[in-house]
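Trainee: Before we start, here is the structure in question, set down as structure tokens.
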Amino acid sequence: MSELVTTELPESARAELDAARARLRGSRGLVVRASELVAGLVGSAATFGLRRMRPPLPLQARARGLAEVALRRAFDIAVLGMRPGGLRARLEARTSRAAAAASGAVSGFVGMLGFLPDVTMTTLLIMRRIAAIAVEEGEDLADPATRAACLEVFAFGSGSLDEPWEEGEEPELGYWGARMLLQGRPLVMLMSEAASAYGVRISQKLALQAIPLVGAAGGALVNGAFMAHYEGLARAHFTIRRLERTYGEAAIRDAAAEEVSDPR
């Protein structure tokens, strides 16, 4: 697809880019937000230190395996029947969040036995929301590049983006770096990268839900935080991709770099 390249972005495009950058900032601190929600139920002492904790390696390895299986299943089936916009898309967004909360509630109620079904269901719902957002932003799900871009969302926001955002930091720089790293990778390698980053999050989710007394309400809150997190990342990612198709990749990256170096 040919790109229109401009030297100056209109104000409307800059506003959309700024909104996408704000969503990338908001992607920081997923574990912080989720642990604070849980702390509201069981007390801060129960979650003290968990926000900064790296789950044990065996737990991370198990979670990565669960994440890869869940991602592969979700990737195969989540985009079926997707249609652009309209009432159906808005209704599905609301029902997806409700379904994720219900899955987390069941998992929190039954404990470890419910974690595998919960991860599978939650991942499917997240993937479907990502695909829906892609369609809303003008993507074609029949295009392999679009499907790859859906997977990329799971690979964004790992590492330093797990930490809360502090003034003066620009987390979107990590987004551009991750895109460059993932660009052109074969699907099998992209799936592995996405599963690795997502697996860390899944292990943190498991650690949160394993806290005594978390129960059904805590599981629902954690899943809600996960859904909101990946929806925000997807909206930012596919907004930026739409702007790139309209104005050219170089123009959008230059504009983002200007905002980082000289924020208004």
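Readers should treat all values here as calculations from the given coordinates under stated rules, not as data from a laboratory. Note that the coordinates shown come from a computational prediction; the quantities given were computed from them, not determined experimentally. Glycine also receives a Cβ, built like all others from the backbone with ideal geometry; neighbour counts cover every protein chain displayed.
Trainee: Between Asp140 and Ala250, what length comes free when the chain is fully extended (0.36 nm per residue of separation minus the Cα-Cα distance, one decimal in nm)?
Mentor: This chain segment gains 37.4 nm when fully extended.
Trainee: When a footprinting reagent is the concern and you count Cβ atoms within 10 Å, what order do His237, His229 take, fewest first?
Mentor: Listed from fewest to most nearby Cβ atoms, that is His229, His237.
Trainee: When a footprinting reagent is the concern and you count Cβ atoms within 10 Å, what order do Phe238, Phe115, Phe154 take, fewest first?
Mentor: Phe115, Phe238, Phe154
Trainee: So, one more: Using 0.36 nm per residue, how much length does the chain from Val69 to Ser192 gain when fully extended, once their Cα-Cα distance is taken away?
Mentor: Result for the pair: 43.2 nm of gain on full extension.
Trainee: Quick one: order Leu208, Leu182 by neighbouring beta-carbon count within 10 Å, fewest to most.
Mentor: Least crowded to most crowded, the residues run Leu182, Leu208.
Trainee: Ranking request for peptides 117-123, 220-226: highest mean number of other beta-carbon atoms within 10 Å first, then the rest in descending order.
Mentor: Answer by packing, highest mean first, reads 220-226, 117-123.
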